[in-house]
1. Mind checking whether some residue in the range 220-231 is more than 16 Å from the ligand (Cβ to nearest atom) and touching a Leu at 6+ places or on another chain (Cβ under 8 Å)?
2. Looking at G329, G380, which is the one that is in the same structural domain as H278 (by TED's automatic domain parsing), more than 16 Å from the ligand (Cβ to nearest atom) and in contact with a Ser or Thr (Cβ under 7 Å, 6 or more places away or on another chain)?
3. It is to be established whether one or more residues within the range 44-64 are among the hydroxyl-bearing types (S, T, Y) and within 18 Å of L216 (Cα to Cα).
4. Taking the residues in the range 168-221 that are of a type in the set (G, A, S) and in a loop (DSSP other than H, G, I, E, B) as candidates, determine which candidate is farthest from S246 (Cα to Cα).
5. Report those helices (runs of 4 or more DSSP H) wholly inside the range 61-149 carrying at least 1 residues which are away from the ligand (no atom under 16 Å from the Cβ), touching a strand residue (DSSP E or B) at 6+ places or on another chain (Cβ under 8 Å) and within 27 Å of G35 (Cα to Cα).
6. Would you say T203 is assigned by TED's automatic domain parsing to the domain that holds S326 and either within 16 Å of the ligand (Cβ to nearest atom) or hydrophobic (A, V, I, L, M, F, W, C) (or both)?
7. Checking S156 against (1) in a loop (DSSP other than H, G, I, E, B); (2) more than 16 Å from the ligand (Cβ to nearest atom); (3) more than 30 Å from P273 (Cα to Cα), which single condition isn't satisfied?
8. Of all residues in the range 344-377, which are surrounded by 15 or more Cβ atoms within 10 Å (Cβ to Cβ) and of a type in the set (D, E)?
Amino acid sequence: MHFLAPADARSWIEVEPDSHFPIQNLPFGVIDRRGRRVATRLGDTVIDLVELADAGLLALAARDSVDAAALSLRPRLFELFLEDASALRDNAALRARALTPASTARMALPMPVRAFVDFYSGINHASNVGKMFRPDSPPLLPNYRWLPVGYNGRASSVIVSGQRVRRPWGQTKGADDPAPVFAPTRELDFELEMGFFLSGGSTIGEVVPIERAEELMAGFVLVNDWSARDVQRWEYQPLGPFLAKSFATSISPWIVSLDALEPFRVAGMAQDPPALPHLRPGPHGHFDIRLEVSLKTAKMTRRQRISATNFRELYWSPAQQLAHQSSNGTPLEAGDLYASGTISGTEPGTYGSMLELTWRGSQPIRMDETGEERRFLEDGDEVTFTGYCQGDGFRVGFGEVTATVLPAHLG
Ligand code: MN
């Protein structure tokens, strides 16, 4: 059931024109407020949907987690918050119970993460990494344009924006070292990604065709797939990343539905060779989402933007990624999270990781406010991603995913 809000619709809740959360968005999340409670957001106001359910204004199946039933309430939320709708607007007591400022709301994971898969569909990122790690070979491996490369990550370390990230220990080995050492990573990095949660699933042996892939998606979040590059270089062959990626993955708290993103659909980049039939996409499987990365060191008072790019820079669309995952009949489950892979543009300043922005540390980033330099992340650094779609007079956005780096535990 699709519901597209008209572009000129306005809410009785105040929403600034540059807010990520107008009535055209109506995302779903969970607030930590006398327990986990399903919520939505308009402008700088968070609305506790459990209170609205208890008042009889809507029916909620699960009260503590975003599920398919909650997602189907979006048209009802639109009705309740439209500027001339009085049921909640004119009920001061209920408003006082249900509405809370976003600045004080404590956000939790929107749903329990059942599985975490990380793709590698940012073709400019994959090319850059290939050039750095395998300088004597073609930057893309032969399979790259035939299938969306990915790996099974770790669900238990997916955390919500605001939660701090501890610098991990790991094995690293320089090219000339006789043996590896076990020590805190010296090449801590972020990866600018987006991800989709599933709200539906499939049974073992069932293959979800690409035409139906989007029906299973709850919506999108921003993803910071934290990485330890020195650990990654030593461990990743032959089976792929393992501990270099599994210590933390941060996500933004609001799931933005595909219906809210519908006006911002775009065609993807041309695929050459054409995908095999089971991965052959519809014409508009990508989304025009502007993405930014900012960094604030412990000495700085404000964030500095260090990268800007767009979700369109993916070679494989989300629908192609999910169709590939399902193509061998593995069961899909509500709560599965699929991350896109690092999203980089084609120019310096549009890259989605420190590895690329500093070209493996050789071109440090200078912080304007303090004159500090960064090759990789240092303790106390705060990394923030934001993302939004620009409509005609409104934005549909994701808010932010932010986290600060904590020092490693003592050995
Ligand atoms: Mn990644």
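The values are calculated or read from the model by the stated rules, or taken from the named source; none is laboratory data. Since this is a predicted model, take the numbers as computed values, not measurements. Because the Cβ atoms are built from the backbone with ideal geometry, glycine has one as well, and the counts that use them run over all protein chains shown.
1. Among the residues of the range 220-231, not one is more than 16 Å from the ligand (Cβ to nearest atom) and touching a Leu at 6+ places or on another chain (Cβ under 8 Å), which makes the answer no.
2. On the way: G329 fails: in contact with a Ser or Thr (Cβ under 7 Å, 6 or more places away or on another chain).
Just one listed residue meets the conditions, G380.
3. Applying the first criterion (among the hydroxyl-bearing types (S, T, Y)) to the range 44-64 yields 45.
Cutting the leftovers down to within 18 Å of L216 (Cα to Cα) gives us none.
No, the range 44-64 has no match at all.
4. Per the stated criteria, the residue is G205.
5. 68-71, 74-81, 92-98
6. no
7. Looking at each condition in turn, S156 falls short on (1).
8. The answer is E356, E372.
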